[in-house]
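The values are calculated or read from the model by the stated rules, or taken from the named source; none is laboratory data. Here the structure is a predicted model, which means the values were calculated and not measured. No Cβ is skipped: glycine too gets one built from the backbone with ideal geometry, and neighbour counts run over all protein chains shown.
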Amino acid sequence: MTPSASPPTTRIYYGWIVVGITVLTLLIIFGIRSAPTVLIKALEEEFGWQRADISFSIMIGLLTTGLAAPFGGALMDRFGPKRIMVAALTLLGASVAMGATVNSLWQLSLYWGILAGIGTGVSSILGASIANRWFVERRGLVQGAMGAGTSAGSLIFVPALTAMVVGIGWREATLILAGLAFLLVVPTLIFMRDSPAQMGLLPYGATAATPDVGAKPGPFREVMGGAVHAPVFWLLAGSFFVCGATSTGIVGTHFIPHATDHGIAEVTAASFFALMGAMNFVGTLFSGWLTDRYDPRRLLAVYYTFRGISLFALPFLTSSDIGLAGFAVLFGLDYIATVPPTAALCADIFGRRNVGLIYGWVFCAHQLGAGAAAYLGGIAHDVLGDYTLAFVGAGVFAVMGSLMALRIDRTPQAEAPLAPAAAAA
């Protein structure tokens with residue numbers, strides 16, 4: 001009998017398997033990326049370093065993550081996510097393993113900053129890339145699942161790593177993290193696929209007539225040349241700069257040290273951070289569901305306003321466990337909830353085929369904001385003795401992000417790279 005040329009049918013769309021592998025990868029990568037906030041106290045005690053100096057190394061990692069993201073997005077657009085995932089996990093595992101040998105600030109900046117930042121950065125666009133390659137319908141929900149995987153990294157890793165740091169030491173704990181990164185390379189090589197076409201499929205919910213199905217990304221110069229001249233690109237990047245500053249930068253880096261400064265036990269503070277991650281898991285999934293149904297610009301405006309209110313309240317909630325738990329719940333609900341609507345706007349405005357490149361640069365702005373806030377937060381603590389001004393300033397910044405989101409024009413931009421082909425046809 002002649003074998004059928006059509007691919008075998010399965011009950012489960014293979015894109016959901018790809019989503020599962022990607023969520024697990026993001027969980028591991030961003031769980032490892034959250035480690036420096038747990039190590040601040042241990043490094044201060046062992047080496048006597050100033051918090052601003054440690055924050056500077058964390059800033060380098062955040063900035064490197066942002067600068068690597070556009071290149072990771074462009075490489076995914078050209079070569080597919082699988083190779084980038086394997087390379088990122090390998091580099092991250094190696095950098096964290098070397099990080100266990102740190103004895104000076106330059107080593108901290110190199111291993112936990114530059115090398116770990118590159119590994120994290122090139123994989124930061126995975127969520128947007130996978131969602132837009134494999135899905136037309138349920139795209140927002142999938143992007144929300146990716147964001148939930150990112151937040152689950154903090155949910156699982158921060159309290160576990162804190163307990164390991166206290167129990168067996170920070171060097172031994174970081175070696176365990178390195179092993180997890182290396183271990184995840186195996187299922188990625190076996191199960192990951194770059195596109196539906198490799199499985200003889202179309203994106204979920206697509207037909208052959210769906211725009212951008214199978215389309216190649218546009219040339220870098222033409223895509224970014226058009227984007228940087230569009231005000232909407234700078235509004236997207238500016239609002240995501242605010243997102244990075246008010247989440248990963250100030251809260252992700254300094255929440256646990258802030259709590260321990262006010263007499264909260266380190267493991268307890270990490271538990272509150274994990275609670276924040278749990279609420280973020282719920283909030284990001286719900287945000288993805290909302291993004292499929294409502295105007296992403298208005299969702300962003302609500303998220304940033306709500307975040308600003310939470311940050312204004314934080315300095316006055318630190319005196320009790322109940323206050324910190326309340327902040328963790330409220331802030332956690334929109335910690336990464338901004339990701340699904342922002343990624344959806346990038347795809348809708350600049351085209352699904354260019355989302356890796358466009359969202360990569362928008363994410364770069366996110367990390368620039370995170371790096372600036374992480375460093376300035378450490379300086380504010382050393383100069384003023386606490387984080388009150390830093391948190392209040394971040395709250396003001398969040399309100400500015402809300403105003404920027406409302407000014408975004410959702411009209412799709414003309415895709416110049418397609419024009420010559422269309423004319424020739």
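Annotations for the structure displayed:
- Listed here are the helices (runs of 4 or more DSSP H) enclosed by the range 285-360 that have at least 1 residues being closer than 22 Å to Gly149 by Cα, among the polar types (S, T, N, Q) and out of contact with any Gly (no Cβ under 8 Å at 6 or more places or on another chain): 339-350.
- Whenever a residue of the range 225-240 is under 16 Å from Pro296 (Cβ atoms), its partners that are polar (S, T, N, Q) and assigned to a helix (DSSP H, G or I), lying with C-beta atoms within less than 6 angstrom and at least six residues away or across chains, give the pairs Phe240/Thr342.
- Counting only residues that are among the β-branched types (Val, Ile, Thr) and free of Cβ contacts under 8 Å to residues at least 60 places away in the same chain, the range 103-125 holds 3 of them.
- Residues (among the basic types (Lys, Arg) and either under 16 Å from Cys346 (Cα atoms) or crowded, with 20+ Cβ neighbours inside 10 Å (or both)) located in the range 272-301: Arg297, Arg298
- Residues located in the range 260-271, provided they are assigned to a helix (DSSP H, G or I) and surrounded by fewer than 24 Cβ atoms within 10 Å (Cβ to Cβ): Thr260, Asp261, Glu266, Val267, Thr268, Ser271
- Residue pairs meeting the criteria (Cβ under 8 Å; at least 6 apart or on separate chains; first on the phi < 0 side of the Ramachandran plot and among the basic types (Lys, Arg), in the range 398-412; second at pLDDT below 90 and surrounded by 12 or more Cβ atoms within 10 Å (Cβ to Cβ)): Arg410/Asp348; Arg410/Ile349
Residue by residue, here is whether (1) in contact with a helix residue (DSSP H, G or I) (Cβ under 6 Å, 6 or more places away or on another chain); (2) under 19 Å from Gly127 (Cβ atoms); (3) not hydroxyl-bearing (Ser, Thr, Tyr) holds:
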| site | (1), (2), (3) |
| --- | --- |
| Gly323 | no, no, yes |
| Gly326 | no, no, yes |
| Thr338 | yes, yes, no |
| Pro341 | yes, yes, yes |
| Ala347 | yes, yes, yes |
| Ala374 | yes, no, yes |
| Asp382 | yes, no, yes |
| Tyr387 | yes, no, no |
| Phe397 | yes, no, yes |
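- From Ser124, Ser129, residue being among the small types (Gly, Ala, Ser), assigned to a helix (DSSP H, G or I) and buried (at least 23 other Cβ atoms within 10 Å of the Cβ): Ser129
- Residue check for Ala373: in a helix (DSSP H, G or I), at pLDDT 90 or above and farther than 22 Å from Gly144 by Cβ: yes
- Filtering the range 62-92 to residues that are in contact with a Phe, Trp or Tyr (Cβ under 8 Å, 6 or more places away or on another chain) and at pLDDT 85 or above leaves Leu89, Thr90.
- Filtered residue count, the range 37-54, keeping only those that are among the small types (Gly, Ala, Ser) and either touching a strand residue (DSSP E or B) at 6+ places or on another chain (Cβ under 9 Å) or under 16 Å from Ser247 (Cβ atoms) (or both): 0
Okay, residues lined up against (1) crowded, with 24+ Cβ neighbours inside 10 Å; (2) closer than 30 Å to Ala265 by Cα; (3) touching a Leu at 6+ places or on another chain (Cβ under 7 Å); (4) charged (D, E, K, R):
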| position | (1), (2), (3), (4) |
| --- | --- |
| Val339 | yes, no, no, no |
| Asp348 | no, no, no, yes |
| Gly356 | yes, no, no, no |
| Ala372 | no, yes, no, no |
| Gly377 | yes, yes, no, no |
| Ala398 | yes, yes, yes, no |
| Leu406 | no, no, no, no |
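- Checking each residue of the range 15-29 against the condition of being more than 30 Å from Ile190 (Cβ to Cβ), crowded, with 24+ Cβ neighbours inside 10 Å, modelled with pLDDT of 85 or more and not acidic (Asp, Glu) gives no match.
- Apart from one condition, Pro412 fits all of (1) at pLDDT below 85; (2) over 21 Å from the mean Cα position of the chain (by Cα); (3) assigned to a helix (DSSP H, G or I); the exception is (3).
- Only residues that are at pLDDT below 90 and under 16 Å from Phe30 (Cα atoms) were counted across the range 178-205, and they come to 0.
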